Amino acid sequence: MKSIHEIKSLLQLQTPPILAELYGKDNEVIEAQKQRYNNLLDSFSKHFQSINIQFFSSPGRTEIGGNHTDHNYGRVLAGAVDLDNIAIAAANGTSEIHITSLGYPDIVLDITDLEPKASEQFTSVALVRGICARMKELGYIIGGFDASIVGCPKGSGLSSSRFF
C-alpha cells in the first residue's frame with residue numbers, strides 16, 4: 001500500500017517501472033498513461049480521504065470467435081488488447097462500499113445487508129452485493145472500501161460484460 005503522495009512522486013519519473021511493465025516503453029504511451037493515472041488519483045482524492053491505497057489493472061480482451069458462448073460452457077477464442085480498466089481502492093474501516101466511476105452512477109452499499117433486492121436487479125450495485133454475499137458465504141472476511149474506477153472507453157466494444 002502506498003499514499004497518494006508516494007504514487008504521484010512515482011508517476012513523475014520519466015518511465016515509471018510499473019507503467020513500462022504494463023504498457024511498454026513508448027514515451028507517448030507512457031505519458032498518456034501517467035495522465036490517466038494522475039486523473040484517477042485526483043478523482044479518488046476528490047471523493048475519498050483514504051490514506052493507504054492500492055492500484056489495480058484489469059486488461060481488456062475481445063472475443064475473436066464464440067462471443068458469449070462461454071456463459072453456456074462453450075469455448076471462446078479471445079485476444080488481449082492494449083486497453084485496460086484501472087482502479088484505486090482502499091479499506092475504509094466501515095461496513096460500506098463506495099465506488100465511483102466516470103460516466104456511471106456512484107455505488108454505495110451497506111454490506112451488513114447482502115440479501116438480493118428486486119429493485120436493484122440488473123444494476124451494478126446488485127453485482128457488488130452478490131459478489132460480497134458469495135465471498136461471505138465462502139468464509140471470506142469482507143469489509144468496506146472506497147474505490148475509483150476508470151474503464152475502457154464507452155463504445156469501444158470491450159465493455160459488454162462491464163457493469164461499472
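The values are calculated or read from the model by the stated rules, or taken from the named source; none is laboratory data. Note that the structure is a prediction, hence the values are computed from the model and not measured. In this analysis, Cβ positions are derived from the backbone assuming ideal geometry, glycine residues included, and neighbour counts consider all displayed protein chains. To get the accessible areas, we keep the full protein, side chains included, count just its heavy atoms, and leave off ligands, DNA and RNA. Shrake-Rupley method; radii C 1.70, N 1.55, O 1.52, S 1.80 Å.
Just a few scattered comments:
- Counted residues, segment 134-164 - those being of a type in the set (Val, Ile, Thr), modelled with pLDDT of 95 or more and surrounded by 12 or more Cβ atoms within 10 Å (Cβ to Cβ): 1
- Members of segment 25-35 that are surrounded by fewer than 16 Cβ atoms within 10 Å (Cβ to Cβ) and at pLDDT 90 or above: Asp26, Asn27, Glu28, Val29, Glu31, Ala32, Gln35
- Taking first residues from segment 43-67 that are basic (Lys, Arg) and partners that are assigned to a loop (DSSP other than H, G, I, E, B), the Cβ contacts under 8 Å between residues at least 6 apart in sequence or on separate chains come to Arg61/Leu158.
- Entry remark, segment 9-49: residues being among the hydrophobic types (A, V, I, L, M, F, W, C) and either within 15 Å of Leu83 (Cα to Cα) or in contact with a Pro (Cβ under 6 Å, 6 or more places away or on another chain) (or both) number 7 in total.
- Remark: pairs (first residue in segment 71-99, in contact (Cβ under 8 Å) with a residue 12 or more places away in the chain; second residue of a type in the set (Phe, Trp, Tyr) and part of a strand (DSSP E or B); Cβ separation under 6 Å; 6+ apart in sequence or on different chains) = Ala87/Phe56; Ile88/Phe55; Ala89/Phe145; Ala91/Phe145; Asn92/Phe145; Ile97/Phe145.
- Restricting Ile131, Ile99, Ile86 to residues that are at pLDDT 95 or above, closer than 27 Å to Asn52 by Cβ and surrounded by 14 or more Cβ atoms within 10 Å (Cβ to Cβ) narrows the list to Ile99.
- Output for segment 42-65, where each listed residue is open to solvent by 80 Å² or more (accessible area, probe 1.4 Å) and modelled with pLDDT under 85: Ile51, Pro59, Arg61, Ile64
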